[in-house]
Ligand SMILES: [Zn+2]
């Protein structure tokens, strides 16, 4: 075995045989033994093109031979623990879903490092450099909180105006770069994606994640962990998710029922025309069908397939109510309403967009439609500001489209919320 392989092997062994740091009992499992399947799935590729250590999204671990030679075994072990959590949590896939690019990769990396750091800090298995940086990020952004998902941290970090300009740091200039394992953007030093050398394919990676999730939950039982990203991750992988489709359909049916009831009640109220001619009695206007508006978030972070499914589900629910010919207005919305399209079938709507997200604009546009829609269904990733108050006269359903394992953003109390997660 060459020197590098030997050192990496020693670091893996050190990592998985770490004694538990808090309240050790003779029968306590080794603190990070749950990472065994994951760290042994990593394939080492010596590379002088990088300064320290990095991984790509195919579980290939690139290490600089000189750096490895100089670092201690425990330090290398902590680096492995950090990097392997990026891979377990599929930060590369989630970066793509969030539309992370060169301009925002630094904030994404900080966000992911915060979650990994929270996962490892109790075991004193986080690299010192990562801890220092994460502490700095927290000091600079006191509103970050704890226990959030990478997506949540990213949303907060990337919206802060301070990141707009003045800080003259290049991408990842002051940060350790954990590689495409974190952001999915291939580096020049990576082996080509189709190179079979040490590559884990998607199915193999899923198998590793599944085994580690089982081991993690087992280990967490005896530790009494506080909830956090790693626990949500393990729960998501080991427990089948509740199907969201029936929940969305039910919300639509309820919304329509509410709207129908409300429309009928207008018989007992003076209509607008009546107030102009008080001596003439006009019945309140009663619509045969409830008006529906769909406000569709077209920002890049929305998965097309998931969006299609969610829209299809809303349509199906309307058809199921015996609404033979639903007049659904679909509004495509990113930072501004890109297109307002009235279509017979929701899935026929042309969606344009791809920028930031502000669903307030879409909801406002929907509520100015005439006749005013009784029900507004908002399909969004949830990373958007919401109006403070509900639009008058319309019930609002928010279908929050998310990635597995992520905590989805909060919604105001006046919306009926349904979490729709891609499986
Ligand atoms: Zn990292």
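The values are calculated or read from the model by the stated rules, or taken from the named source; none is laboratory data. Nothing here was measured: the structure is a model prediction, and the numbers come from that model. For neighbour counting, all protein chains shown are included, and Cβ atoms are generated from backbone atoms with ideal geometry for every residue, glycine included.
Given the conditions (1) farther than 18 Å from residue 51 by Cβ; (2) assigned to a loop (DSSP other than H, G, I, E, B), report the number of the one that residue 186 does not fulfil. Every listed condition holds for residue 186 apart from (1). Kindly evaluate residue 181 against the criterion of being in contact with a strand residue (DSSP E or B) (Cβ under 8 Å, 6 or more places away or on another chain), at pLDDT 90 or above, within 21 Å of residue 407 (Cα to Cα) and buried (at least 18 other Cβ atoms within 10 Å of the Cβ). Answer is yes for this residue.
Residues are listed down the side, and each one gets a yes or a no for (1) touching a residue at least 60 places away in the same chain (Cβ under 8 Å); (2) surrounded by 15 or more Cβ atoms within 10 Å (Cβ to Cβ); (3) away from the ligand (no atom under 16 Å from the Cβ); (4) farther than 24 Å from residue 131 by Cβ:
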{"position": "177", "(1), (2), (3), (4)": "yes, yes, no, no"}
{"position": "185", "(1), (2), (3), (4)": "yes, yes, no, yes"}
{"position": "192", "(1), (2), (3), (4)": "no, no, yes, yes"}
{"position": "196", "(1), (2), (3), (4)": "no, no, yes, yes"}
{"position": "200", "(1), (2), (3), (4)": "yes, yes, yes, yes"}
{"position": "204", "(1), (2), (3), (4)": "yes, no, yes, yes"}
{"position": "212", "(1), (2), (3), (4)": "yes, yes, yes, no"}
{"position": "217", "(1), (2), (3), (4)": "no, yes, yes, yes"}
{"position": "223", "(1), (2), (3), (4)": "yes, yes, yes, no"}
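Take the conditions (1) touching a helix residue (DSSP H, G or I) at 6+ places or on another chain (Cβ under 9 Å); (2) in the same structural domain as residue 30 (by TED's automatic domain parsing); (3) modelled with pLDDT of 80 or more; residue 223 misses just one of them, which is (3). Beta carbons closer than 9 Å, at least 6 apart along the sequence or on distinct chains, pair a first residue in segment 120-147 that is in the same structural domain as residue 88 (by TED's automatic domain parsing) with a second that is outside any loop (DSSP other than H, G, I, E, B) and loosely packed, with under 13 Cβ neighbours inside 10 Å for 140/162; 141/162.
For segment 64-74, check the following and say yes or no: at least one residue is in contact with a strand residue (DSSP E or B) (Cβ under 6 Å, 6 or more places away or on another chain) and more than 14 Å from the ligand (Cβ to nearest atom). So far as segment 64-74 goes, yes, one or more of its residues are in contact with a strand residue (DSSP E or B) (Cβ under 6 Å, 6 or more places away or on another chain) and more than 14 Å from the ligand (Cβ to nearest atom).
I'd like to know if segment 102-119 contains one or more residues that are crowded, with 20+ Cβ neighbours inside 10 Å, away from the ligand (no atom under 16 Å from the Cβ) and in a helix (DSSP H, G or I). Checked segment 102-119: no residue is crowded, with 20+ Cβ neighbours inside 10 Å, away from the ligand (no atom under 16 Å from the Cβ) and in a helix (DSSP H, G or I).
The set of residues in segment 137-168 being farther than 18 Å from residue 120 by Cβ, in a loop (DSSP other than H, G, I, E, B) and either in contact with a helix residue (DSSP H, G or I) (Cβ under 7 Å, 6 or more places away or on another chain) or at pLDDT 85 or above (or both) consists of 141, 142, 143, 145. Taking the numbered list (1) in a helix (DSSP H, G or I); (2) at pLDDT below 85; (3) assigned by TED's automatic domain parsing to the domain that holds residue 329; (4) surrounded by 12 or more Cβ atoms within 10 Å (Cβ to Cβ) in turn, residue 267 passes all entries but (4).
For segment 401-419, which residues satisfy the criterion of being in a strand (DSSP E or B) and over 16 Å from residue 297 (Cβ atoms)? Listed by number, the list holds a single entry, 416.
Taken together, 81, 92, 38, 96 contain a single residue that is away from the ligand (no atom under 16 Å from the Cβ) and within 26 Å of the chain's Cα centre (by Cα), which is 96.
Can residue 54 be described as away from the ligand (no atom under 16 Å from the Cβ) and touching a strand residue (DSSP E or B) at 6+ places or on another chain (Cβ under 6 Å)? The answer is no for residue 54.
Of 334, 358, 381, all but one fail to be at pLDDT below 75, within 22 Å of the chain's Cα centre (by Cα) and crowded, with 19+ Cβ neighbours inside 10 Å; the exception is 334.
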